[in-house]
Amino acid sequence: MLFDMDGTLVDSEKIWGVALEDLAVRAGGRLSTRARLAMVGTSMPASMALFREDLGQPDRPYAEDVAWLTERVADLFAGGLAWRPGARELLLGVRAAGVPAALVTSTERRLAEVALKTLGAENFDVVVCGDEVRAQKPDPEPYRTAAALLGVPIRDCVAIEDSPSGVTSAVAAGAVVLAVPSDVALPSVAGVHVRSSLVGVDLEVLAGLR
């Protein structure tokens, strides 16, 4: 099992939204809804490029903005994260059954470690973070890396995602993909299974996905 984090297991995209809006105010601007939605599931460099374009400030200092945003998100994450419907039950069921599991997130390790206080680090055999791969989602590298670390062929893995970028990554990697839309609608992709939530999804349901 390969789990995305933000928007899939926990409702953290809203926290990212708050932090990005705060950063925009700090920069003397206002982040548009269009730009915010375009950032969902993307890497930090991609998000910051969209941020600068949306504010009309192409020369904003990348490192300074990322440092401020990371601190703000860390503070918000520390208050605890809300589970997405059905996610906790599925994750605990996977762990109880002894199925190898990985967390595959575009979020950097520092913030993922804070989120793992809610998710439970013991529920994952492997954690692959955005700052630990050469190419982030939508590139297939994160999911291929997770499968390799688990020692499981990617074709035998089920990836659960909520964003277009994440779905693209998992499909390109060769995993079976279950898409559960969160903050943005997902385009129809051949072979991708779609559900409105993870409520009622268990190992029996996942075993039937092919």
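Values in this text are rule-based calculations from the coordinates and carry no lab data. Everything quoted here is computed from the prediction, not taken from an experiment. No Cβ is skipped: glycine too gets one built from the backbone with ideal geometry, and neighbour counts run over all protein chains shown.
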query: So who's got an amide H within less than 5 Å of the one on Leu2, skipping anything under 5 residues away but keeping other chains? H placed 1.01 Å off N, in plane.
result: Ala102, Val158, Ala159, Ile160
³J(HN,Hα) computed for each position of region 113-122 - Karplus, 6.51 cos²θ - 1.76 cosθ + 1.60, integer Hz, glycine/proline x: 5, 5, 4, 5, 5, 8, 6, x, 4, 5
message: Students often check this: by mean Cβ neighbours within 10 Å, which of 25-32, 203-210 ranks highest, and how do the rest follow?
response: 25-32, 203-210
Dipole magnitude of region 76-210 about its Cα centre (Cβ charges: Lys, Arg +1; Asp, Glu -1), debye to nearest 20: 60 debye
- line: Karplus-derived 3J(HN,Hα) from phi for region 179-196 (6.51 cos²θ - 1.76 cosθ + 1.60, θ = phi - 60°), whole Hz, x at Gly and Pro, runs 9, 10, x, 10, 8, 10, 6, 10, x, 6, 10, 4, x, 8, 8, 10, 10, 6
- request: Would you kindly work out the equivalent ellipsoid of the chain from its C-alpha gyration tensor and give its semi-axes, the square roots of five times the eigenvalues, largest first in whole Å?
  value: 29, 17, 16
query: Taking the simple approach of a point 7 Å from Cα along Cα-to-Cβ for both Thr33 and Ala74, what is their distance in nm?
result: 3.3 nm
- request: Search the structure for amide H atoms under 5 Å from the amide H of Thr107, placed 1.01 Å from N in the peptide plane, and list their residues when 5 or more places away or on another chain.
  value: Gly130
query: To the nearest 0.05, how large is the calculated FRET efficiency for Asp202 and Ala82 if R₀ is 22 Å and r is the Cβ-Cβ distance?
result: 0.55
message: Give me log10 I(q)/I(0) at q = 0.09, 0.11, 0.24 Å⁻¹ for region 37-152, Debye formula, one equal scatterer per alpha-carbon, no solvent.
response: -0.29, -0.43, -1.45
statement: Spelling it out for Arg84: with amide H atoms placed in the peptide plane at 1.01 Å from N, the residues 5 or more places away or on another chain with amide H under 5 Å from its amide H are Val10, Asp11
